[in-house]
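Laboratory data are not the source of any read-out in this text; all were calculated from the coordinates shown. Everything numeric here is computed off the predicted structure, so don't read it as measured data. Neighbour counts are summed over all protein chains in view; Cβ atoms, including those assigned to glycine, are modelled from backbone coordinates with ideal geometry.
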Amino acid sequence: MRLFLLIVLATCLVSCGSAVVDYDEGANFNAYSTYNYYPTIDSGLSELDNKRIIRAADSLLQLQGMTKSDRPQLYVNFYAKEVITNSRNTIGIGIGGGGRRGGVSVGGGIPIGGREVEQQFTLDFIDVMNDNLVWQGVLDARFKEKASPRQREMHYFKVLQKIVKKYPPKE
């Protein structure tokens, strides 16, 4: 029983995902205090999701001490790649039989919970002066295809929170 619980816990931890960060080691992240959004964001998402992401990013970046400005030092860009899949949650069913000379069994799983959107979300910080990418965070996440607007807002807030937590890079 202990082994089973350990396996379930490990599976849950792996499926949560963590942000992968890459950055320019030559960039002086202490010099960046202002930001705005890249003028032409092509996120691959709906305009409503773009607005949700911008609201979440504004609140999280301002908590980091950054200020939104018309003359920013950093441009913020974001985009997502999405794939719709069936839920990974299933109900298992099985039929079995046996006897003295052998047995037969049949098993299977019925998907429950509806379809999900698997998303790879990327957040870029671009040095405005040099037009160079200086920091990038990527996170794999998923949410229900039929999520309500409030659920989508919470999804993007949590995704951005995990990514922005890793900015600026710790040396």
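Indicate the gyration tensor shape class of region 23-86 (rounded, prolate or oblate), computed on the Cα atoms with a ≥ b ≥ c the square roots of the eigenvalues: a/c under 1.5 is rounded; otherwise a/b larger than b/c is prolate and the rest oblate. Write out the running numbers ahead of the final one.
Values: a/c = 2.15, a/b = 1.72, b/c = 1.25.
It is prolate, given that a/c is not under 1.5 and a/b is the larger ratio.
Efficiency by 1/(1 + (r/R0)^6): what FRET value for residue 138 and residue 85, r their Cβ-Cβ distance, R0 = 25 Å, to the nearest 0.05?
Numbers: r = 19 Å, r/R0 = 0.76.
It comes out at approximately 0.85.
First select every other residue whose beta carbon is under 10 angstrom from the beta carbon of residue 147; then total the charges, Lys and Arg +1, Asp and Glu -1.
Values: positive: 144, 146, 150, 152; negative: 116, 145, 153.
Result for the local shell: +1.
Sequence neighbours fewer than 8 away in the same chain don't count; with that in mind, list the lysines whose C-alpha is under 18 Å from residue 51.
Answer for residue 51, where 18 Å is the Cα cut-off: 68, 81, 158, listed by chain and number.
Please arrange 146, 165 by how many other C-beta atoms lie within 10 Å of their C-beta, fewest to most. Don't skip to the end; give the middle numbers.
Working: 146 10, 165 13.
Starting with the residue having the fewest Cβ neighbours, the order is 146, 165.
For residue 29 and residue 115, FRET efficiency with R0 = 25 Å and r from the beta-carbon atoms, rounded to 0.05? Walk me through the intermediate numbers first.
Details: r = 39 Å, r/R0 = 1.58.
Working from the Cβ atoms, E equals 0.05.
For residue 86, what residues show an amide H to amide H distance below 5 Å, using hydrogens built from the backbone and excluding near sequence neighbours?
116
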